[in-house]
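What follows is one structure encoded as structure tokens, with my remarks underneath.
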Amino acid sequence: MAAAAGLHQDILARIFLLLSCIADCVRASTVNKHWRRVALQNPSQLPWLLRPSTARTDSYRIFGGLDDPRPPLFDLGRGPRFCGSAPGGWFVISSRQQQWRGHGLLNLRTGERVALPDRVRIPLDSGVITCPMMIRAAVMSAAPPSAACFVAAITSSQTNMAFWRPGMDCWLSAPVGPTPRNAQDLTYHDGWFCAVDSDDGLVSYKPEIGADGSSLTIRHHDYKLDGHRTQAALGEIVSRYLLPSASGADLLMVKRYVAPAKGGTWKFQVYRLQEGQPASWGLYQMTGQVLFVGRACSKAFDMGHAGNPGYIYFLDDVYPGGPHSVLQQNEYPCADTGGWRYSVPGEIEDCLPWAPPSDTSPCIWYHH
């Protein structure tokens, strides 16, 4: 054991890269200070917590803390509202800064940025109109400039959903038909963008490039879900998040219950989309996974042990006026955050650092 405790850092680094299990990484990093230092130099794929503001933008490592080495953040990360995140350090942002106004894609690792249009094209029977739009939440299918890069956004405009790919000078609205009336969250799963509304309704969209190589069409599928509507208690808010399971096999919906009378978030429920005629949301036995949930930034990770109770980390991104009120916030609280263990459903753990409200954006998960 003494010889193992002093293993060369190059050998240890290779070991940590082979550990796909989060729990194993955490246990290995506690062997001694040497192992912990090497573990922090070769971090797992767990996201960092990003706390934006005009003055500065901080990141927090879940298994490390604020005092450990953190990824460099370009100054462009100060000031914008973060609307969603994707692997590789990419974010969808809305900025009011003089050097860059409007929407865009921003990579906090490299400083790369891609401007996004601020108008959406809406086909009508009488022709096509373009209207200004604001992004509430957005997700990406792949990083630019890949040909597989598409961005789907929940908007505040004459359309609820809009889509974009590199080279387009305008967003394209969702096709005429069923759309989520009050979309709360969206994700990218198995080649489709999926959006959930306040009634647990689910609509999926698949952008496709036309034969000319430039035109874009949107296929869509409205799930006729069979199930009961969530009945919230008086004064209680129920917020929903979508994400693929850690294996990618299932589409999950996480329901978060927020009751001011109980001090904020007090309960979670996890559901799995069950395909069929009709489709339905079925309660999901969440074991062996840790979920990081947030608006347009949720991701699940395998803990490596199927018998371990599941765990959820959550951010402060629920507002009394619903998700659309993110555009009307003067400040964004960072207090109702923490963790929830599947095996202890009535207990919320205060495991994330407290921070004063942000003047620019809710906190978001940084998928480095």
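Here is how the numbers come out for the structure above:
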{"read-out": "Lone unmet requirement of (1) buried (at least 19 other Cβ atoms within 10 Å of the Cβ); (2) under 27 Å from S173 (Cα atoms) for A279", "value": "(1)"}
{"read-out": "Any chance A148 is open to solvent by 50 Å² or more (accessible area, probe 1.4 Å), more than 24 Å from L106 (Cα to Cα) and of a type in the set (G, A, S)", "value": "no"}
{"read-out": "Selected residue (criterion: most open to solvent (accessible area, probe 1.4 Å)) from residues of region 59-118 that are modelled with pLDDT under 90 and of a type in the set (S, T, Y)", "value": "T110"}
{"read-out": "Listing of strands (runs of 3 or more DSSP E) fully contained in region 221-335 that carry 3 or more residues being among the polar types (S, T, N, Q)", "value": "264-274"}
{"read-out": "Residue match in region 322-334 (condition: over 20 Å from the mean Cα position of the chain (by Cα), surrounded by fewer than 18 Cβ atoms within 10 Å (Cβ to Cβ) and either more than 25 Å from D350 (Cα to Cα) or among the polar types (S, T, N, Q) (or both))", "value": "yes"}
{"read-out": "Of all residues making up region 289-304, the number that are touching an Asp or Glu at 6+ places or on another chain (Cβ under 9 Å) and surrounded by fewer than 21 Cβ atoms within 10 Å (Cβ to Cβ)", "value": "1"}
{"read-out": "Output for region 336-368, where each listed residue is buried (at least 17 other Cβ atoms within 10 Å of the Cβ), among the aliphatic types (A, V, I, L, M), in a loop (DSSP other than H, G, I, E, B) and over 19 Å from the mean Cα position of the chain (by Cα)", "value": "A355"}
{"read-out": "Residues of region 251-264 classified as free of Cβ contacts under 8 Å to residues at least 60 places away in the same chain and surrounded by 21 or more Cβ atoms within 10 Å (Cβ to Cβ), total", "value": "3"}
{"read-out": "Residues of region 157-198 that turn out to be within 19 Å of the chain's Cα centre (by Cα) and either at positive phi or not in a loop (DSSP other than H, G, I, E, B) (or both), as a count", "value": "19"}
{"read-out": "Cross-chain or 6+ apart pairs with Cβ under 7 Å, region 182-200 first and more than 14 Å from N160 (Cβ to Cβ) and among the charged types (D, E, K, R), then open to solvent by 20 Å² or more (accessible area, probe 1.4 Å) and in a strand (DSSP E or B)", "value": "D200/W281"}
{"read-out": "Residue selected from region 189-218 under the condition touching an Asp or Glu at 6+ places or on another chain (Cβ under 8 Å) and over 27 Å from R240 (Cβ atoms), by the criterion least open to solvent (accessible area, probe 1.4 Å)", "value": "L216"}
{"read-out": "Residue tally, condition open to solvent by 30 Å² or more (accessible area, probe 1.4 Å) and more than 12 Å from V114 (Cα to Cα), over region 151-167", "value": "4"}
{"read-out": "Residue among K224, K267 that is surrounded by 13 or more Cβ atoms within 10 Å (Cβ to Cβ), touching a residue at least 24 places away in the same chain (Cβ under 8 Å) and among the basic types (K, R)", "value": "K267"}
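Residue-by-condition table, conditions (1) open to solvent by 80 Å² or more (accessible area, probe 1.4 Å); (2) within 21 Å of G288 (Cβ to Cβ); (3) modelled with pLDDT of 75 or more:
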{"position": "A5", "(1), (2), (3)": "no, no, no"}
{"position": "D10", "(1), (2), (3)": "yes, no, yes"}
{"position": "L18", "(1), (2), (3)": "yes, yes, no"}
{"position": "D24", "(1), (2), (3)": "no, yes, no"}
{"position": "K33", "(1), (2), (3)": "yes, no, yes"}
{"position": "P47", "(1), (2), (3)": "no, yes, yes"}
{"position": "P52", "(1), (2), (3)": "no, no, yes"}
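Yes/no matrix, rows are residues, columns are (1) charged (D, E, K, R); (2) free of Cβ contacts under 8 Å to residues at least 24 places away in the same chain; (3) more than 24 Å from A55 (Cα to Cα):
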| position | (1), (2), (3) |
| --- | --- |
| R272 | yes, no, yes |
| P278 | no, no, yes |
| V293 | no, no, yes |
| F301 | no, no, yes |
| N308 | no, no, yes |
| H324 | no, no, yes |
| D336 | yes, no, no |
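The values are calculated or read from the model by the stated rules, or taken from the named source; none is laboratory data. Source: prediction; values computed, not measured. Neighbour counts are summed over all protein chains in view; Cβ atoms, including those assigned to glycine, are modelled from backbone coordinates with ideal geometry. Each accessible area value is taken on the protein alone, full model and side chains, heavy atoms only, with ligands, DNA and RNA left out. Shrake-Rupley method; radii C 1.70, N 1.55, O 1.52, S 1.80 Å.
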